[in-house]
1. For the range 1-10, which residues satisfy the criterion of being in contact with a Cys (Cβ under 8 Å, 6 or more places away or on another chain) and either in a helix (DSSP H, G or I) or modelled with pLDDT of 95 or more (or both)?
2. Test Leu101 against the criterion of being at pLDDT 95 or above and among the hydrophobic types (A, V, I, L, M, F, W, C), and give yes or no.
3. State all residues of the range 1-46 that are within 19 Å of Leu96 (Cα to Cα) and free of Cβ contacts under 8 Å to residues at least 12 places away in the same chain; if no residue qualifies, say none.
4. So Glu59 fits all but one of (1) part of a loop (DSSP other than H, G, I, E, B); (2) out of contact with any Gly (no Cβ under 8 Å at 6 or more places or on another chain); (3) not β-branched (Val, Ile, Thr); what number is the exception?
5. Of all the residues that make up the range 96-105, how many are part of a helix (DSSP H, G or I) and over 14 Å from the mean Cα position of the chain (by Cα)?
6. In the range 26-45, what residues are part of a helix (DSSP H, G or I) and crowded, with 18+ Cβ neighbours inside 10 Å?
7. Of everything in the range 46-70, what is surrounded by fewer than 11 Cβ atoms within 10 Å (Cβ to Cβ) and touching a helix residue (DSSP H, G or I) at 6+ places or on another chain (Cβ under 8 Å)? Give them in sequence order.
8. Would you mind telling me which numbered condition in (1) touching a Leu at 6+ places or on another chain (Cβ under 6 Å); (2) surrounded by fewer than 18 Cβ atoms within 10 Å (Cβ to Cβ) Lys2 fails?
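The values are calculated or read from the model by the stated rules, or taken from the named source; none is laboratory data. None of these values were measured; they are calculated from a predicted model. Counting neighbours? That spans all protein chains shown, and the Cβs are built from the backbone with ideal geometry, glycine included.
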Amino acid sequence: MKKIIFDTNFAVIPFQFKVDVYAELSRMIDEPYEICFLNFCIEEIKKLEFGDAALKLMEQKGVKFIDAERNGSVDDSIIDFAKKEGCIIATQDKELKKKALKENISVIFLRQKKYLKMSG
């Protein structure tokens with residue numbers, strides 16, 4: 001089963017841009033997948049405007065919270081986990097997207113504040 005890792009800024013999209021990323025993912029991905037959120041991102045998301053609401057929604061949608069090892073920055077740790085586990089990264093962070101694509105990791109992102117697109 002394919003794993004999709006939500007970055008903190010991706011998890012708040014439903015509140016920030018009113019886009020149902022969960023419905024969008026089921027529209028664009030034909031194979032079975034599991035949405036994951038790494039434990040070291042929890043403190044980061046709580047600092048965001050819609051962070052608590054995003055955490056609650058992720059729990060309701062069955063997102064799997066994974067205990068992952070943090071090696072350096074959050075972005076580098078997400079990349080390491082995605083490489084090791086063969087995951088897709090869902091993010092709005094331009095730097096994380098650039099790093100992931102450089103490492104041949106597929107990235108899902110929001111386009112035109114309306115729909116999701118995958119690259120890589």
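1. Applying the first criterion (in contact with a Cys (Cβ under 8 Å, 6 or more places away or on another chain)) to the range 1-10 yields 2-8.
Those that are in contact with a Cys (Cβ under 8 Å, 6 or more places away or on another chain) and either in a helix (DSSP H, G or I) or modelled with pLDDT of 95 or more (or both): Lys3, Ile4, Ile5, Phe6, Asp7, Thr8.
2. So Leu101 passes the test.
3. Glu43
4. Of (1) part of a loop (DSSP other than H, G, I, E, B); (2) out of contact with any Gly (no Cβ under 8 Å at 6 or more places or on another chain); (3) not β-branched (Val, Ile, Thr), only one is false for Glu59: (1).
5. So the answer is 4.
6. The answer is Cys41, Ile45.
7. The answer is Glu49, Asp67.
8. Status for Lys2: all satisfied but (1).
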